[in-house]
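*Asks:* Take a look at this one; I'll ask things after.
The values are calculated or read from the model by the stated rules, or taken from the named source; none is laboratory data. The structure presented is a predicted model; accordingly, all values stated were derived computationally and were not measured. Because the Cβ atoms are built from the backbone with ideal geometry, glycine has one as well, and the counts that use them run over all protein chains shown. Calculation scope for accessible area: heavy atoms of the full protein, side chains included, ligands and nucleic acids excluded. Shrake-Rupley method; radii C 1.70, N 1.55, O 1.52, S 1.80 Å.
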Amino acid sequence: MVTLLDYGAGNVRSVVNAIESLGETIKEVRTGEDILKAEKLVFPGVGNFGEVMRVLNQRNLVEPLLEYLNSDRPFLGICLGLQVLFEKSEEAPDIAGLGFIRGMVRRFKIDLSVPHIGWNGLKPKQPSPIFKDIKGTEKVYFVHSYHVVPEDPSVILTTTDYGYEFVSGIQKGNVIATQFHPEKSGKTGLKLLENFLKGNSESLWPEVKLEKTRLAKRIIACLDVRSDDEGNLVVTKGDQYDVREKGRVRNLGKPVELARRYYEEGADEITFLNITGFRDFPLEDMPMLEVLRLTSENVFVPLTIGGGIRHYTDKFGRYYSALEVASEYFRSGADKVSIGSDAVYIVEGYLKNGKATGKSAIEQIARVYGSQAVVISIDPRRVYVSGPDDVPHQVIETSIPGPKGERYCWYECTVKGGREGRPVDAITLAQVCEKLGAGEILLNCIDRDGTNLGFDIELIRAVKNAVSIPVIASSGAGKPEHFQEVFAETDVESALAAGIFHRKEVEIEEVKKCCRDGGIEVR
Ligand code: 1PR
């Protein structure tokens, strides 16, 4: 029996699913007494340091938690479950942490994108029972903007390189905590979890000790989901966003099955886009929540869900905030939510008023779940102009001339699945969303979507250079070399494709091999 401390935010379902897939049962902490009675305690957390401590204090869990930790019983902290063991965090300077380990939690100060999102390696610093059958070259999944800095180096279990070497795991007696997410780290993560749960007594070193770790470029499989003409929820795929062929919605498979297949085939992340979410209300669209629930039962890599994340008033007049909608998705197994149309309206409002309201979906969700959980999905379309000053937007010079030989273009953001253009350009949208607290950009391109012509490198470079959060390149992948090209030509952290994977034209492993051959780090 494993006792799970769910403080109420973030994707605890993945942790539950991962533990249950290893044959364990779970008891959730309701009172401090449950903590004191635990045999093994797991404390997962994403979100904000201050928020977690506020909840722990409010529920009177701080004392029992410290008593449990001080009695040196098996404990596994994950992500914020590691950070709150420390005394203080730069994320919430006025709020004290548990102080079980002396030291601070600091924000990354590096030239690379923050949050640090993706698959990176581990450098072991002490032997541990959790290293049984771990080779040492595996990668695990990280998503965080802050890292711990212990005063006493003897508690360091692992370090990882990202800009500089930071502490990615600690071990003090039977208390182990990791900055990475074992429950999202595929088979390696499950092995680490299993080792903790089994309570092996022997401490081991992994076979290989890496000198340096490298963040892998992520290959993401994207599933555009909607109801087909018979009312079944299907994975579909558009050509420049038109998902109908001879008047009927294309059906490329079942969402849960396809997601499972991509996980088994080595996808680093799975994205679901509920493409009619802009007109339906997702909390009434229970099948989509069910897709997430079922997928997260056996897919142990990050899951992103987009479509319909916005505030809404139902037919009975009940108001739902975007935060409530997002919360339902997180509870169903999502790690990140992606905001499309609403982000455009939010940015239009910001540009009009010259300031943030503090109330937008981006700000609200980032505040509770952390920036890393908020992805902005941009659906831009090229608009050609004859000169850089023709429009009040960020214009780029292009090597692909327009129909009248134009050498400049801007990228018009669209809403409602590309149906309506809005007076905001993609570069400005990305910049404002970053300011409001978004943690990642999913950069589609209507001109390239479904064409197999390759990514729009000019668009991707322009947006990536304008922000310091990670960017996912999307739309147009037709062969493995297109991935190699986008990683070589731009600094994006990940690339996404749909059609070539659904139609089985290219396998994920072929993409990875091609990247490896080009000297690009992949998992
Ligand atoms: O506006 O917040 O409700 O979100 C709606 C979401 O649905 C947005 O993320 C938007 O991108 C997406 N969406 C809406 N309509 C469509 C459509 O295709 N008709 N899908 C759509 C967009 C774009 C991709 C695609 C890549 C790769 N799909 O993510 O998977 O272009 O495709 P490829 O590799 O085959 O070229 P909201």
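*Asks:* With the condition kept exactly as written, say whether any residue in segment 319-333 is under 30 Å from Pro480 (Cα atoms) and within 16 Å of the ligand (Cβ to nearest atom).
*Replies:* There is no residue in segment 319-333 that is under 30 Å from Pro480 (Cα atoms) and within 16 Å of the ligand (Cβ to nearest atom).
*Asks:* Here's another thing I want to ask about it. Which residues, counting only those in segment 355-401, are under 30 Å from Ile305 (Cβ atoms) and open to solvent by 60 Å² or more (accessible area, probe 1.4 Å)?
*Replies:* Result: Lys355, Thr357, Lys359, Arg367, Arg381, Gln394.
*Asks:* Restrict the check to segment 182-200 and report whether at least one residue is in a strand (DSSP E or B), open to solvent by less than 20 Å² (accessible area, probe 1.4 Å) and at pLDDT 95 or above. First the steps, then the outcome.
*Replies:* Filtering segment 182-200 down to residues in a strand (DSSP E or B) leaves none.
No, segment 182-200 has no match at all.
*Asks:* Report, ordered by the first and then the second residue, all pairs with beta carbons closer than 9 Å, sequence separation of six or more or different chains, a first member in segment 245-267 that is more than 19 Å from Glu183 (Cβ to Cβ), and a second member that is in a helix (DSSP H, G or I) and among the acidic types (Asp, Glu).
*Replies:* Once the first residue is more than 19 Å from Glu183 (Cβ to Cβ) and sits in segment 245-267, its partners that are in a helix (DSSP H, G or I) and among the acidic types (Asp, Glu) give Glu265/Glu509.
*Asks:* Which one is farthest from the ligand (Cβ to nearest atom), of the residues in segment 334-344 that are open to solvent by 10 Å² or more (accessible area, probe 1.4 Å) and within 19 Å of Glu284 (Cβ to Cβ)?
*Replies:* Asp342
*Asks:* Listed residues Val424, Val347; which is open to solvent by less than 10 Å² (accessible area, probe 1.4 Å), in contact (Cβ under 8 Å) with a residue 60 or more places away in the chain and touching a His at 6+ places or on another chain (Cβ under 8 Å)? Step through it out loud before you land on a result.
*Replies:* On the way: Val347 fails: touching a His at 6+ places or on another chain (Cβ under 8 Å).
Matching residue, one of Val424, Val347: Val424.
*Asks:* Now for a different question. Going through segment 268-284 one residue at a time, which ones are assigned to a loop (DSSP other than H, G, I, E, B) and either away from the ligand (no atom under 13 Å from the Cβ) or open to solvent by 20 Å² or more (accessible area, probe 1.4 Å) (or both)? Step through it out loud before you land on a result.
*Replies:* Applying the first criterion (assigned to a loop (DSSP other than H, G, I, E, B)) to segment 268-284 yields 268, 275-284.
Residues satisfying the conditions are Asp268, Ile275, Phe278, Arg279, Asp280, Leu283, Glu284.
*Asks:* Quick check, is Arg30 part of a loop (DSSP other than H, G, I, E, B), at pLDDT 95 or above, more than 30 Å from Val522 (Cα to Cα) and of a type in the set (Lys, Arg)? Before you say what the answer is, go through the steps one by one.
*Replies:* On the way: part of a loop (DSSP other than H, G, I, E, B): yes; at pLDDT 95 or above: no; more than 30 Å from Val522 (Cα to Cα): yes; of a type in the set (Lys, Arg): yes.
No: the conditions fail for Arg30.
*Asks:* A follow-up question, please. If we only count strands (runs of 3 or more DSSP E) wholly inside segment 285-395, which ones have 1 or more residues that are of a type in the set (S, T, N, Q)?
*Replies:* Numbers: elements: 303-306, 336-339, 374-378, 380-385.
So the answer is 303-306, 336-339, 374-378.
*Asks:* Being open to solvent by less than 10 Å² (accessible area, probe 1.4 Å) and touching a Gly at 6+ places or on another chain (Cβ under 6 Å) is the filter here; which residues of segment 427-458 pass it?
*Replies:* Ile446, Gly454, Phe455
*Asks:* Further, regarding this structure: Report, by residue number, each residue of segment 213-267 that is part of a loop (DSSP other than H, G, I, E, B), more than 9 Å from the ligand (Cβ to nearest atom) and of a type in the set (D, E, K, R).
*Replies:* We begin by selecting, within segment 213-267, every residue part of a loop (DSSP other than H, G, I, E, B); these are 213-217, 228-232, 237-238, 240-241, 243, 246-247, 250-254, 265-267.
Checking the rest, the ones that are also more than 9 Å from the ligand (Cβ to nearest atom) come to 213-217, 228-232, 246-247, 250-254, 265-267.
Scanning segment 213-267 gives Arg214, Lys217, Asp228, Asp229, Glu230, Lys246, Arg250, Lys254, Glu265.
*Asks:* Give me a count of the residues in segment 288-298 that are out of contact with any helix residue (DSSP H, G or I) (no Cβ under 8 Å at 6 or more places or on another chain) and either in contact (Cβ under 8 Å) with a residue 60 or more places away in the chain or buried (at least 19 other Cβ atoms within 10 Å of the Cβ) (or both). Even if it seems obvious, please write down each step before you answer.
*Replies:* Initially, segment 288-298 is screened for residues out of contact with any helix residue (DSSP H, G or I) (no Cβ under 8 Å at 6 or more places or on another chain), giving 288, 290.
Filter again for either in contact (Cβ under 8 Å) with a residue 60 or more places away in the chain or buried (at least 19 other Cβ atoms within 10 Å of the Cβ) (or both), leaving 288.
So the count comes out to 1.
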